[in-house]
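The values are calculated or read from the model by the stated rules, or taken from the named source; none is laboratory data. All values derive from a computational prediction rather than experimental measurement. Note that each Cβ is placed from the backbone with ideal geometry, even for glycine, and that neighbours are counted across all protein chains shown. Just so you know, the surface numbers come from the protein's heavy atoms only, side chains and all, with ligands and any DNA or RNA stripped out. Shrake-Rupley method; radii C 1.70, N 1.55, O 1.52, S 1.80 Å.
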Amino acid sequence: MTLPVLIDQLVSGLAIGGVYALVALGFALIFGVLRAAQFAHGEVYMVVAFLVLAVLPWFPALGPLQFLLVIVTAAIFGAIAGMLIERGVFRPLADAPHIAPIISTIGLMILLQNLVAYLKGSELHRFALAWPQGNVSVGPASVPVLKLVIFGTALVIPALLQVALTRTQLGRAIRATAIDAETARLMGVNTARTSLVAFAIGSALAGIAGVLVGALYGVVYSTMGVTALVKGYAATIIGGVGNLVGAVAGGLLLGLFEVFVASYVSPRWTDAIVYTLLIVLLALRPQGLVGRAIPEKL
Amino acid sequence: MSQSAPLLAVNDLTVTYGGIRAVDRISFSLNEGELVALIGANGAGKSSTLRAIAGIVPIAEGDVRLAGESLRTVPAHEIPRRGLVLVPEGRRVFGELTVLDNLYLGGYTRSPEERAAGLERVFALFPRLKERASQAAGTLSGGEQQMLAIGRALMANPRVLLLDEPSLGLAPVVVEQVFDLLRRLHAEGVSMLLVEQNARMALAVADRAYVLQTGRIVMSGAAAELAASDEVRARYLGAGRLSTVPLDAPAPEPEEAR
C-alpha cells in the first residue's frame, strides 16, 4: 500500500461517507421530531436526483456556480417533497398506532420506485454536471476535486444545521418539540409547524445527498434510494439513534470502512462484513458508538 | 382587588376523558394580583382543570375567559401569547437543552428585546440559574429544575401564571423555598392559580381557595377561613382524629430528595 493510494482511498471514503452522513442526518432529524421512521427517505433522495436531472439542461454552464445551483435546487425539491409527505402521510396518522406510518412510508417507498421506473425506465441514467472538475494534488496523491467538494459539502451543511438548531429560536423550538412536544406547546411553540419544518429540512438533506451521489458516480436509477436508506439507517445506528452529531460521524465512518474493506478484502464482501459488524455493534453498544444511553422516550 | 370583570373567569368548565367527567361544571375566578389555590385529593380534577385552561386538554363544556376573551377555541400554543402560562406538573424542563435554551424557549412568544429583559428579571430572581446557564437542565437538582420551570414561564411575562403541583417530589426544605418564591411573586403582583396537594402550604400563601372533590367545587372562600374550618382541617390538613378522615383523603406527600 502506497501513500498516494491510501490518500485516494481516504478521500473516496470520506466522499461517499459524506453522502451517507447527509442521508443519516435527515433521517435522524425526522425521527427525532416525529418519533417515526421515514422509510421513503431514500426515495426522496432518488426522486430529487431525477427531478434535478430533468431540469439540468436548463441550467447555465457556470462551472462551480452550476454545482451550487444544483445543490440549492435539490434542497428546494427535497424540502417540498418532505412537506408533501409530512402533510399527506404523517399528519393524518399522528394519532394512529406507531406501526401505521411505518407501513405507509414503506408503501410510499414502493410506489415511488415503481412510478419512476415506469416513467423513466429502470436502467441507469447518466447524471453529468457541466463542470470539468479535474484533479488536485493532495500531498503525493492526485484526487478528483469533485470528491473533495462532496466531502466539504457534507461537512458544511451539518455544521450550518447545528448552528441553526442551537442558536436560533426556531432551532430551539425544533429541539424542544423532539424532547417534549406538549411542553413545547405550553411555551407557545406551534409543534405542527416545527414538525413540518424539521421534515422539510431532513428531506432537503436527502435531496442534496441524492444529487451528490449522482455527481459522484455519474448515474442515477430508480432503486438507488434503497441503498441510501439502508446505509443512512446504518450510519444513524452507528452514531446513536436521535444523535445528530453521531449520525454525521457514523456516515463518515461507514464510508471509510466500506472503501477500505473493498480495497483490502474484496468489493464482493463489503456489505456482508459491514452489516455483520453492525449487528455486533448493536448487540454490544445499542446506544451507538458515539451516543450515550438512549432516554426512554425513544 | 378590582370590581370589574375578573382577570381569569372559569364558567361551568367540564373536562371529560372517554365519557368520564374528570371536571364537572366548575366555576371560579382569579382577580388581578390574586393568588388563588385549588386544593383537593389526588384525582379530584385539579390538574385537568389547569390543563384545560392552558389548552392542552379540550374543554368539553363551559368556557374560560382571560380578561374577558374566551380561550375555548384558542390552540394551546397561542395561549402564552395571550398572557397565560402553565408550569406543568413534574417541572418538565428540557433536560438535554441548556438552562439558557430552556429560558429562551419560555420567551418564545416574545420579541428579542422582551426576552433580554425577561432573562434579566429571571436571573435576578434566581442567581443560581445564571451560574448554571450553560449547563444541561437535566443536571440540575429537583429544586433547581422547579425554579427553572417557573423562571421559564416568567420569561413569557404572563398576566396569569398557573402552577401545577410545584412542590411535588421535592424535599421539605426545597418545598419551603418554592413557597417563599410564590410569596415573593405574589408581593410583586403576579396573578397566580396554584394547584397543590400540599393544602397546608397552599392555604398559607393563597388569598382565596377552592376545594375540589371528584371534579366539583365543594367549598370556597378566603384561604385563612378555609384553613380554620374543621372540615378542611380534618380532610386536607391531616388534623382531627384519624377516624374522621374519609377513605379518599390524600395520600402522604411523596418526598424525594434529588
Yes or no: the stretch A:156-163 includes at least one residue that is over 30 Å from A:Leu186 (Cα atoms), in contact (Cβ under 8 Å) with a residue 40 or more places away in the chain and surrounded by 13 or more Cβ atoms within 10 Å (Cβ to Cβ). yes
Would the stretch B:119-130 turn up any residue that is on the phi < 0 side of the Ramachandran plot, charged (D, E, K, R) and within 10 Å of chain A (Cβ to nearest Cβ)? no
Kindly indicate whether B:Ser29 is away from chain A (no Cβ under 11 Å), open to solvent by 10 Å² or more (accessible area, probe 1.4 Å), part of a helix (DSSP H, G or I) and not acidic (Asp, Glu). no
Which fully enclosed helices (runs of 4 or more DSSP H) of the stretch A:200-286 have 2 or more residues being crowded, with 24+ Cβ neighbours inside 10 Å? A:224-239, A:244-264
Flag for B:Asp207 being more than 14 Å from every other protein chain (Cβ to nearest Cβ), within 27 Å of B:Leu103 (Cβ to Cβ), surrounded by fewer than 21 Cβ atoms within 10 Å (Cβ to Cβ) and of a type in the set (D, E, K, R): no
State all residues of the stretch A:40-61 that are open to solvent by 50 Å² or more (accessible area, probe 1.4 Å) and in contact (Cβ under 8 Å) with a residue 40 or more places away in the chain; if no residue qualifies, say none. A:Ala61
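The rows are residues; the columns are (1) open to solvent by less than 10 Å² (accessible area, probe 1.4 Å); (2) within 10 Å of chain A (Cβ to nearest Cβ).
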| residue | (1), (2) |
| --- | --- |
| B:Gly43 | no, no |
| B:Thr49 | yes, no |
| B:Gly55 | no, yes |
| B:Arg72 | no, no |
| B:Gly83 | yes, no |
For B:Tyr17, are the conditions met, namely being among the hydroxyl-bearing types (Ser, Thr, Tyr), within 10 Å of another protein chain (Cβ to nearest Cβ) and open to solvent by 20 Å² or more (accessible area, probe 1.4 Å)? no
Looking only at the stretch B:117-137, filter to residues that are surrounded by fewer than 14 Cβ atoms within 10 Å (Cβ to Cβ) and not hydrophobic (A, V, I, L, M, F, W, C); which one of those is nearest to B:Asp101 (Cα to Cα)? B:Ser134
Residues in the stretch A:165-173: is at least one touching a Gly at 6+ places or on another chain (Cβ under 7 Å), at pLDDT below 95, within 14 Å of chain B (Cβ to nearest Cβ) and under 28 Å from B:Arg115 (Cβ atoms)? yes
Within the stretch A:110-148, which residues are in a helix (DSSP H, G or I) and open to solvent by 40 Å² or more (accessible area, probe 1.4 Å)? A:Ile110, A:Leu111, A:Asn114, A:Leu115, A:Tyr118, A:Leu119, A:Lys120, A:Lys147, A:Leu148
As an exercise: evaluate A:Pro101 against (1) open to solvent by 40 Å² or more (accessible area, probe 1.4 Å); (2) more than 16 Å from A:Gly210 (Cβ to Cβ) and give the number of the one condition it does not meet. (1)
Cβ-Cβ distance below 7 Å, separation of 6 or more or different chains: which pairs start in the stretch B:63-92 with a residue that is under 30 Å from B:Gly169 (Cα atoms) and end on one that is acidic (Asp, Glu)? B:Leu86/B:Asp164; B:Val87/B:Asp164; B:Pro88/B:Asp164; B:Glu89/B:Asp164; B:Glu89/B:Glu165; B:Arg92/A:Asp180
Can you give me the number of residues within the stretch B:89-116 that are open to solvent by less than 10 Å² (accessible area, probe 1.4 Å) and at the interface with chain A (Cβ under 7 Å from one of its Cβ atoms)? 4
Which of the residues that make up the stretch A:174-199 are of a type outside the set (A, V, I, L, M) and either within 14 Å of chain B (Cβ to nearest Cβ) or open to solvent by 30 Å² or more (accessible area, probe 1.4 Å) (or both)? A:Arg175, A:Thr177, A:Asp180, A:Glu182, A:Thr183, A:Arg185, A:Gly188, A:Asn190, A:Thr191, A:Arg193, A:Thr194, A:Ser195
